[in-house]
Amino acid sequence: MSDERRGYVYGLTAYTMWGFFPIYFKLLQPSPALEILSHRILWSVVFVALLLTAMRNWRFLSRLIRTPRKLGGAAVAAVLIGVNWGTYIYAVNSSRVVETALGYFITPLVVVLLGVFVLRERLRTWQWVAVGVGALAVAILTVDYGRLPYIALTLAASFGCYGLIKKRMSLPPAEGLFVESAVLAVPALAYLTWLNIDGGAQFGHVSATHTALMLFAGVATAVPLLLFAGAANRVPLVGLGILQYVAPIIQLAVGVLLYHEPMPPARLAGFGLVWIALVIFTVDGIRSARARITARERAAADATAATAGSAAAALPSR
């Protein structure tokens, strides 16, 4: 198997696991969302700490501590991913799986807007068209829901901003997850301590299966992230962009087919517009990537020709 094909396997596995996460979090009921989130954070710290110990890779912490800017970025990233995880768990256990799927469908469009307003990037014409169609979809869904689809928008905004900060920090996945989970571990532990004192904790009081699933939350969090990292290092950016739609497609199917969440015509029309926006966005991205590759190949060919011409001119005449 080629390295690129192995990367696609890693990426498809990661996004498939994320797609079926609603089923996993449903199994953690009757624990409330905050209890599930707190255990997810704590067991992520434990699992990744064991992983880093096995890899003998703790030196990154001293480098991070000596870089206050990166440490501050890690703290902000931790808050954003905590908001994302908490919103997702709350939505799943409130029977809003379809809206979580919408959130991850519109995340690429939010990332584009962050590029415009934060990084001062200029959009191509078709990217603006995609953003416009996406905005129309959100307007239709707002009318359908009778409110802004705040869960979808929160998921998209928090994950988009999280990705922006992570890109600037350039921390490897395992190290990044450990730092972010460690930042969140203190409030998570404080909450669980209060919950146990108050007598409202479900962990350890429901069933052995429930307890095991809560303990496994750290592994369930870290494994797809590490698989995604393996994919990111092997798969072209365009390929990763297409793979990212696997998770929300599965989430949508789980919400509608497994949990029978409603999909009235107006909501279906809104999702249809989102998919049209994503098709425009993806096709434009593929065309742009191909154009850049062609331009680089031409530049390389011109440079080679120029070098060969210079070498020929330098040869002594006979």
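Inside the range 191-233, residues that are surrounded by 16 or more Cβ atoms within 10 Å (Cβ to Cβ), more than 20 Å from A174 (Cα to Cα) and among the small types (G, A, S) make up a count of 1. Of the set (1) free of Cβ contacts under 8 Å to residues at least 60 places away in the same chain; (2) surrounded by fewer than 17 Cβ atoms within 10 Å (Cβ to Cβ); (3) assigned to a helix (DSSP H, G or I), all apply to L153 but (2).
Does V143 satisfy the condition of being within 21 Å of G270 (Cα to Cα) and buried (at least 20 other Cβ atoms within 10 Å of the Cβ)?
Values: within 21 Å of G270 (Cα to Cα): yes; buried (at least 20 other Cβ atoms within 10 Å of the Cβ): no.
Considered against the rule, which asks whether it is within 21 Å of G270 (Cα to Cα) and buried (at least 20 other Cβ atoms within 10 Å of the Cβ), V143 comes out as no.
Looking at the range 164-260, the helices (runs of 4 or more DSSP H) lying wholly inside it that each contain 2 or more residues that are in contact with a Lys or Arg (Cβ under 8 Å, 6 or more places away or on another chain) sit at 217-232.
Of all positions in the range 160-168, at least one carries a residue that is within 21 Å of G19 (Cβ to Cβ), buried (at least 22 other Cβ atoms within 10 Å of the Cβ) and free of Cβ contacts under 8 Å to residues at least 60 places away in the same chain.
Name the single residue that is nearest to Q202 (Cα to Cα) among those in the range 11-56 being among the charged types (D, E, K, R) and in contact (Cβ under 8 Å) with a residue 40 or more places away in the chain.
Step one: filter the range 11-56 for residues among the charged types (D, E, K, R), giving 26, 35, 40, 56.
Narrowing the set further to residues that are in contact (Cβ under 8 Å) with a residue 40 or more places away in the chain leaves 26, 35, 40.
Details: K26: 14, E35: 8, R40: 14 Å.
So, considering only residues that are among the charged types (D, E, K, R) and in contact (Cβ under 8 Å) with a residue 40 or more places away in the chain, the one nearest to Q202 (Cα to Cα) is E35.
Condition check ((1) modelled with pLDDT of 95 or more; (2) in contact with a Ser or Thr (Cβ under 8 Å, 6 or more places away or on another chain); (3) among the hydrophobic types (A, V, I, L, M, F, W, C)) across all residues:
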residue: G218; (1), (2), (3): no, yes, no
residue: A229; (1), (2), (3): no, no, yes
residue: G241; (1), (2), (3): no, yes, no
residue: V246; (1), (2), (3): no, yes, yes
residue: M263; (1), (2), (3): no, no, yes
residue: G272; (1), (2), (3): no, no, no
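In the range 265-276, the residues that are in contact (Cβ under 8 Å) with a residue 12 or more places away in the chain reach residues that are in a helix (DSSP H, G or I) and of a type in the set (F, W, Y) with C-beta atoms within less than 7 angstrom, at least six apart or across chains, in these pairs: V274/F105. Only residues that are within 14 Å of F178 (Cβ to Cβ) and either of a type in the set (A, V, I, L, M) or under 25 Å from the mean Cα position of the chain (by Cα) (or both) were counted across the range 59-69, and they come to 4. Residue count for the range 86-122 satisfying the condition of being among the polar types (S, T, N, Q) and either in a helix (DSSP H, G or I) or in contact with a strand residue (DSSP E or B) (Cβ under 8 Å, 6 or more places away or on another chain) (or both): 3.
For the range 285-299, does any single residue satisfy the condition of being touching a Leu at 6+ places or on another chain (Cβ under 9 Å) and at pLDDT below 90? Break it down stepwise before answering.
So the first thing to find is which residues in the range 285-299 are touching a Leu at 6+ places or on another chain (Cβ under 9 Å), and the list is 285, 289.
Cutting the leftovers down to at pLDDT below 90 gives us 285, 289.
Yes; the residues of the range 285-299 include at least one that is touching a Leu at 6+ places or on another chain (Cβ under 9 Å) and at pLDDT below 90.
The values are calculated or read from the model by the stated rules, or taken from the named source; none is laboratory data. Just so it is clear, the structure is predicted and the values come from calculations on it, not from any experiment. Glycine gets a Cβ as well: all are built from the backbone with ideal geometry, and neighbour counts include every protein chain shown.
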